[in-house]
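**Q** One structure follows; several queries about it will come next.
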Amino acid sequence: QVQLVESGGGLVQPGGSLRLSCAASGTIFYVYDMGWYRQAPGKQRELVATITRGGGTNYANSVKGRFTISRDNAKNTVYLQMGSLNPEDTAVYYCNANLKRFGTSPAADYWGQGTQVTVSS
C-alpha cells in the first residue's frame, strides 16, 4: 500500500503565507515526479506546480513568483511554500506522486486526501 499524507493547510489572511507538506509512505521503490494540484468549489482540479526528482520545476502562471515547490527525496516528501496569498487561492490542495512500488507493477499516479486552504480576512 502507498499513502500520501498532506499537512499545513488552514485559514490565512490575504497577503499571508502557508507551507504545505506531503509525505509518501508504504511499499515505494522509486518516486518520479511530485506535484500539487488544487480544486476550488465549482471548478475543475488544476495544476499548481510540479517537480522532477532532479529538481526541475513547473508552475501555473497564476502562482509564478508567489509559490515555491521543493522536495526531499530521502523522505519522499514534497513541499509547497505559498506566499502573497489571495482569495482566489482558496481551494482544496492535493498532493500527487508518480511512483513505482516494489514488484512488477508499472509506475502510477497516487493522490493525497487533500488539505483545505482558505484565504480570507
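**Q** Restricting the first residue to the range 28-47 and requiring it to be farther than 16 Å from Tyr94 by Cα and modelled with pLDDT of 95 or more, which pairs with a second residue that is outside any strand (DSSP E or B) and of a type in the set (Ser, Thr, Tyr) meet a Cβ separation below 7 Å and a spacing of at least six or different chains?
**A** none
**Q** Which of the residues spanning the range 91-109 are part of a strand (DSSP E or B), open to solvent by less than 60 Å² (accessible area, probe 1.4 Å) and not aliphatic (A, V, I, L, M)?
**A** Of everything in the range 91-109, those that are part of a strand (DSSP E or B), open to solvent by less than 60 Å² (accessible area, probe 1.4 Å) and not aliphatic (A, V, I, L, M) turn out to be Tyr93, Tyr94, Cys95, Asn96, Asn98, Lys100.
**Q** Criterion first (surrounded by 13 or more Cβ atoms within 10 Å (Cβ to Cβ), modelled with pLDDT of 95 or more and either more than 21 Å from Ala23 (Cα to Cα) or charged (D, E, K, R) (or both)) does Leu85 satisfy it?
**A** Details: surrounded by 13 or more Cβ atoms within 10 Å (Cβ to Cβ): yes; modelled with pLDDT of 95 or more: yes; either more than 21 Å from Ala23 (Cα to Cα) or charged (D, E, K, R) (or both): yes.
For Leu85, the condition - surrounded by 13 or more Cβ atoms within 10 Å (Cβ to Cβ), modelled with pLDDT of 95 or more and either more than 21 Å from Ala23 (Cα to Cα) or charged (D, E, K, R) (or both) - is met.
**Q** Sort through Gly55, Gly35 and tell me the only one that's buried (at least 20 other Cβ atoms within 10 Å of the Cβ) and small (Gly, Ala, Ser).
**A** Values: Gly55 fails: buried (at least 20 other Cβ atoms within 10 Å of the Cβ).
Exactly one of Gly55, Gly35 is buried (at least 20 other Cβ atoms within 10 Å of the Cβ) and small (Gly, Ala, Ser), namely Gly35.
**Q** So, of the residues in the range 8-31 that are open to solvent by 60 Å² or more (accessible area, probe 1.4 Å) and not in a loop (DSSP other than H, G, I, E, B), which turns out to be farthest from Ile51 (Cα to Cα)?
**A** Result: Leu11.
**Q** So in the range 32-55, with the set limited to residues that are among the charged types (D, E, K, R) and in a strand (DSSP E or B), which one is nearest to Gln116 (Cα to Cα)? Steps first, answer last, please.
**A** Of all residues in the range 32-55, those among the charged types (D, E, K, R) come to 33, 38, 43, 45-46, 53.
Next, only the ones that are in a strand (DSSP E or B) stay: 33, 38, 46.
Details: Asp33: 23, Arg38: 9, Glu46: 15 Å.
Within the range 32-55, the match that is nearest to Gln116 (Cα to Cα) is Arg38.
The values are calculated or read from the model by the stated rules, or taken from the named source; none is laboratory data. What you are looking at is a predicted structure, and each value in this text was computed from that prediction instead of being measured. Counting neighbours? That spans all protein chains shown, and the Cβs are built from the backbone with ideal geometry, glycine included. For accessibility, only protein heavy atoms count, side chains too; no ligands or nucleic acids. Shrake-Rupley method; radii C 1.70, N 1.55, O 1.52, S 1.80 Å.
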